[in-house]
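Read through the structure below, which is laid out as structure tokens, and then see the notes.
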Amino acid sequence: MTTVAEPQTARETAFVDNDLHPVGHGRMLRKEDPRFVRGRGHYLDDVQLPGMLHLAILRSPLAHARITSIDITAAQAHPKVKLVVTGAMLAEKNLAWMPTLSNDVQAVLATDKVRFQGQEVAFVVAEDRYAARDALELIDVTYEELRPVIDARHALDPDAPVIRDDLKDKKDNHIFDWETGDKDATEKVFAAADVVVTQDMAYPRVHPAPMETCGAVADFDSVNGKLTLYSTTQAPHAHRTLYAIVAGLPEHKIRVISPDIGGGFGNKVPIYPGYVCAIVASLLTDKPVKWMEDRSENLTSTSFARDYVMHGEIAATKDGKILAIRTHVLADHGAFNGQAAPVKYPAGFFGVFCGSYDLEAAYAHQTAVYTNKAPGGVAYACSFRITEAVYLVERMVDCLAFELGVDPVELRRKNLLRPEQFPYTTKTGWVYDSGDYVATLDEALRIAGYDELRREQAAKRERGELMGIGISTFTEAVGAGPRKDMDILGLGMNDGCELRIHPTGKATVRLSVQTQGQGHETTFAQIVGEELGIPPADIEVVHGDTDQTPFGLGTYGSRSTPVSGAAAALVARKIRDKARIIASGMLEVSVADLEWDKGSFRVAGDPGKAVTIQEIAMRAHGAGDLPEGLEGGLDAEVCYNPSNLTYPNGAYICVVDVDPGTGKVTVRRFIAVDDCGTRINPMIIEGQVHGGLADGIGMALMEMISFDEDGNCLSGSLMDYLLPTALEVPAFETGFTVTPSPHHPIGAKGVGESATVGSPPAVVNAVIDALRPYGVRHADMPLTPSRVWEAMQGTVQPPI
Amino acid sequence: MQVPAPFEYERATSVDGAIGLLERLGDTAKLVAGGHSLLPMMKLRLANFEYLIDINDLHGDLGYITFTAEEVRIGAMTRHREIAESAELLAVFPIFADAEQVIADPVVRNRGTIGGSLCQADPAEDLSAVCTTLGASCVIRGSGGERVVPMAEFHRGPYETAVGTTEMLTEVRFPIRPYAGSAYEKVERRAGDWAVAAAGAAVWLSSEPRGSRGRTDSENDGHDVVLADARVGLAAVGPNTVEIPSISAALRGQTPSEELYARAGELAAQNCHPVTDPRGSADYKRHLADELTRRALRRAVQRATDQVRS
Ligand SMILES: Cc1cc2nc3c(=O)[nH]c(=O)nc-3n(C[C@H](O)[C@H](O)[C@H](O)COP(=O)(O)OP(=O)(O)OC[C@H]3O[C@@H](n4cnc5c(N)ncnc54)[C@H](O)[C@@H]3O)c2cc1C
């Protein structure tokens, strides 16, 4: 494996020497970083167009209220204001409501009622951002306050106010019921089991909080009828199709450009009312219009994540063989069901709650409800609800260990799936592709020095000090997905890839997925480089522009490498096949006599006779003859439909110290061993893992979008919604095992969300382990000093 | 980007000039020092003013830390960072070092001032708690001259002070007494966050010959350790930072011991008025008032003892 030498000068950073880099997989600096670290990134707010106007949105101060009147005359009279639009005005154009990603509808601007604090009520377009914001204060809205539903646990109470009276015949706040697994078989196993442990737990509402908030610049050209929309989207193609369907604009006249994106984490998967408002404003003013939300708007109105109230049950024999898991989940979807998940999976991939264990039975039932809180759901690096599933199973296993009085590592080791069991079909029907879970666990234990840690803990307990060790052995399910099972609003979850080899042997690869920091411009160049022997520096990766890239569903759910990465490898192989035919002509041998040697074809048995891929590229475009029947050029395209998801796994160990006097938790060590199959760029993988671990520590210890009983959001700034900093996370210790995916062309499984999914239970398990002397078996996140201290007193309540 | 409502902007070039502007503009105007408390509120449009009077040019006049035998004087425009980097100040009052380490982040500390901290009158303000603990007094100037107000009278409720709309705070004074030790203890949910609760302690020892009273501290080079005086100040457990006189009364004249700290902690818990909020429950904050009071006293006494020894 090639290591990266430190560049000596600024000049070297810009013109990196290819020799420092692997041709293909291996550690190399990210191609996109020079522009980011030098401030040359081009984010949404950097888009400046001639004559551009600015849009600001008036939002509801109340969680639940009927709008009785809106007076916009004063705002219209503001000298810099060009346009003021209300829901009633949108309704005239049939644009007041839009479909969500879950076949619900969401108000673009409220017409009848406001249903959460922060909901869009009207918008102003003005000459500058300040004037637009000032004019909002000139709009006079009168509301008739209604009782809100804030706690999902009371959403289905008979006297609960009906939030969605816009829906025909809607008489309650119920969205759906969903179940998976075999209820009766599970009941039988539970009835006969030696040990049954039950535990209620909540996964609080959290927010992705990307550094860049959401925004759009809509630029409608009334002469040629073309709309160009710059927007912070993780899925430019899917968005374009949805705009075409909703707004009635022809799809070929829409161009969606996703410029550099300052973090997505799922927050930039949905279409927000603000994007639609910007489009409407550009249509009405015939000018480019920018909408860029501020931090508070992002935290209070855009897609949240989690908000699951879970009841878990685990059945086992008395010697610790886990038999079955059962759960009931109450899911809070906010005021509109804006969850982003494949249509057939209303609970996302929560069905993988069987975890990494060999069970006899499993069953889950879920009820989803409306509340007067911001809509959305799923968002935040969770692989479609696997975060919740992993949290449930990894907490339940620890609760079982607690009751049985056994070491949580030994309990896991006894129940982990064995390599020979793969492909393994879980009791909820998911087919895990591959893994060597015990090997991954053993590697984590080795790095941690587990036995020594337990000895240290025992000594500390003697002295009254609180130290905890938490384990999580999780299975992820990513790479959605096979088109027979998975679509979003009817769009199959496949991804295209186009590859052009230019005459001089340089290449351009065009992706349907979009990077928000994951390093696609490097990883995809490496994938193609590995297949064709072209240095990654010679491969330009184009993404995020629907006019320049093939169709596909975008980047979320850790799907880029499993889906688009496969497409990139396959399109390169297609080119290699054609290159082989051209090479056979150039070397005057039959195709069968050629051997591929990463970057050139050689004649078998005569290694001196060879042509490089660059020579072949010139021949493909050149004047000379090509073999009979072969077209010129060296371009290809594929659309990849995965046959299954990929299933990365990991073993995480967290070590914490808890101050017995204050309840304050310090994460002292975090060991993360990931198996994501083939590793393309280990440095990028480590970066993804580091970020995800920080996310996980944040959720476990401090993050939560909370509300008061009137539905006021109490987390509307980053002073209130706490994100972890470098001071709250330790120096991470990462490791790996490699079990390639058998069905993926290069065996890669994806790793983008593994750490976010796998780390929260490790942290919570560690804190609970530290509190063992107090007899604590469970406490809900976020484990703030206050909540930890209350757990020690036996008074901790679930978070609301 | 969050943008404040429109306002006019003036730069004061002298203290009298600033006061003159305040008199002319009345309560439509607000002074801005470091701006780290005021501007976030303006950006959230929780506070709107017609005029901002920028007093940063007064840093030359009001940015200082001076020492006399009886007193330390800190100018209102002295920045967090200048306080944190004054070795002389930290030697006299190590409590500043403890507090400054846990106030916000370097960006805020580079600009935020002691005057702004006190005038913000946030119940969780760490420097206010330090001033409360040390029994500081505040010099307030108006066109009619100066008046000096003790900390106990400076804060009039959350976000309210004794400074009138046409006055400004110019200086904070701290009495120096011998054999002092001080310390600050804060629990926050995350680095840079406001206190869930915090406690400051300041103690002054009387160094008397061995055996004259109380127990002998073997570590103390033959001196008996008796508390001549002690003060505890709490943050984030009431409408303002508060000093607890009953603790001083209970500690004065006593020999430091774990039992004594426990008694002080108990009094702190009894005399505070925390509320439940996302930072923590009222019960927890009450517990912290106790726990952190004990810790701060323990550390303050240790520091004072070290001083007596040297
Ligand atoms: C992210 C962040 C985190 C923070 N965390 C903490 C923390 O953990 N602990 C903590 O204690 N503080 C914290 N702060 C506040 C910080 O310490 C502020 O700098 C300080 O509270 C105010 O000082 P300033 O000079 O910025 O005041 P400004 O914001 O300029 O002014 C605050 C108020 O005081 C008035 N004022 C200022 N100077 C005078 C004067 N001389 N006379 C009369 N009135 C005056 C202003 O009119 C205004 O009303 C934080 C701030 C931020 C932004």
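Here is how the numbers come out for the structure above:
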item: Label-point gap, in nm, between residue B:87 and residue A:710 - each point 7 angstrom along Cα→Cβ; result: 5.4
item: Square roots of 5 times each gyration tensor eigenvalue, C-alpha, region B:1-59, largest first, Å; result: 20, 13, 8
item: Listed residue (B:289, B:256, B:197) projecting farthest to the positive dipole end of region B:180-309, Cβ model; result: B:197
item: Cα-based radius of gyration of region B:60-194 once divided by 2.2 N^0.38 Å, which approximates compact folds; result: 1.00
item: Antiparallel content of DSSP bridges confined to chain A, in %, to 5; result: 80
item: Long-range HN-HN contacts of residue B:228 with modeled amide H, under 5 Å; result: B:204, B:205, B:206, B:253
item: Whole-percent pair-distance distribution, where bins are 5 Å wide, for the alpha carbons of region A:549-635; result: 3, 14, 22, 18, 14, 10, 9, 6, 3, 1
item: Of all accessible heavy-atom area on chain B, the percent that carbon and sulfur account for (1.4 Å); result: 49
item: Net lengthening on full extension, residue A:451/residue A:637 (0.36 nm per residue, minus Cα-Cα); result: 61.7 nm
item: Tilt relative to chain B, helix B:258-270 - C-alpha long axis, 0 to 90 degrees, to 10; result: 40
item: Positive-end residue of A:237, A:209, A:225, charge dipole of region A:189-242 with Cβ unit charges; result: A:225
item: Accessible-area value, residue A:311, 1.4 Å probe, nucleic acids and ligands omitted, Å²; result: 60
item: Residues of type lysines that residue A:290 reaches as a straight line, Cα spacing below 18 Å, ignoring anything fewer than 8 places off in the same chain; result: A:80, A:82, A:226, A:268
item: Viscosity 1.306 mPa s, 10 °C: Kirkwood-radius Stokes-Einstein D of region B:180-309 over Cα pairs, µm²/s; result: 107
item: Two-site label geometry, residue A:609 and residue B:266: point separation in nm, points 7 Å out along Cα→Cβ; result: 10.0
item: Whole-percent pair-distance distribution, where bins are 5 Å wide, for the alpha carbons of region A:594-653; result: 4, 13, 14, 15, 14, 10, 8, 9, 7, 4, 3, 1, 0
item: Region A:398-473 - convex hull of the alpha-carbon atoms, volume per residue in Å³; result: 104
item: Bins of 10 Å from zero: percent of alpha-carbon pairs in region A:25-131; result: 12, 30, 27, 16, 10, 4, 0
item: Sites residue A:719 and residue A:184, calculated FRET efficiency, Cβ-Cβ separation with R0 51 Å, nearest 0.05; result: 0.50
item: Residue order for A:434, B:14, B:310 - accessible surface, 1.4 angstrom probe, largest first; result: B:310, B:14, A:434
item: Rounded to the nearest 10 Å², the accessible area of residue A:129 at probe 1.4 Å; result: 50
item: Relative packing of peptides A:788-797, A:70-79, A:103-112 - highest average C-beta neighbours within 10 Å first; result: A:103-112, A:788-797, A:70-79
item: Hull-based mean projected area of chain A, where the convex hull spans the alpha carbons, in square nanometres; result: 37.2
item: Chain lengthening between residue A:777 and residue A:733 when straightened (0.36 nm per residue, less Cα-Cα); result: 13.1 nm
item: Accessible area, probe 1.4 Å, largest first, for residues B:194, A:178; result: B:194, A:178
item: Sites residue B:246 and residue A:162 - FRET efficiency at Förster radius 45 Å, r taken between beta-carbons, to 0.05; result: 0.25
item: Backbone HN-Hα couplings from phi across region A:241-256 [Karplus 6.51/-1.76/1.60, Hz, Gly and Pro as x]; result: 4, 5, 4, 4, 6, 7, 8, x, 7, x, 4, 6, 9, 10, 10, 9
item: Cα-projected label distance for residue A:508 with residue A:169, points at 7 Å along beta-carbon direction, nm; result: 5.5
item: Tilt relative to chain B, helix B:282-309 - C-alpha long axis, 0 to 90 degrees, to 10; result: 70
item: Cα-centred dipole magnitude for region B:180-309, charges only on beta-carbon of K, R (+1) and D, E (-1), debye, nearest 20; result: 140
item: Solvent-accessible area of residue A:296 with every protein chain in place, 1.4 Å probe, in Å² to the nearest 10; result: 20
item: Förster radius 51 Å - calculated FRET efficiency between residue A:595 and residue B:107 (Cβ-Cβ, nearest 0.05); result: 0.30
item: Label point at residue A:414 placed 7 Å out along Cα→Cβ; residues across region A:307-339 whose backbone nitrogen lies under 16 Å; result: A:314-325
item: Beta bridges by DSSP in region A:303-453, antiparallel share as percent, to the nearest 5; result: 55
item: Accessible surface, per residue, of region B:180-309 when the full set of protein chains is kept, probe 1.4 Å, Å²; result: 37
item: Simple Cβ-charge dipole of the protein assembly as shown, Lys/Arg +1 and Asp/Glu -1, about Cα centre, in debye nearest 20; result: 280
item: Among B:137, B:281, B:117, residue whose mean-square fluctuation peaks in a GNM of chain B (springs only between Cα atoms under 10 Å); result: B:281
item: Ranked order, A:664, A:460 - accessible area, probe 1.4 Å, largest first; result: A:664, A:460
item: Kirkwood Rh in Å, taken over chain B so that all alpha-carbon pairs contribute; result: 20.0
item: Within the accessible area of chain A (1.4 Å probe), percent carbon and sulfur; result: 51
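The values are calculated or read from the model by the stated rules, or taken from the named source; none is laboratory data. Keep in mind the model is a prediction, meaning the values are calculated, not measured. Cβ atoms come from the backbone with ideal geometry, glycine included; neighbour counts cover every protein chain shown. Only protein heavy atoms, including side chains, enter the accessible area calculation; ligands, DNA and RNA are left aside. Shrake-Rupley method; radii C 1.70, N 1.55, O 1.52, S 1.80 Å.
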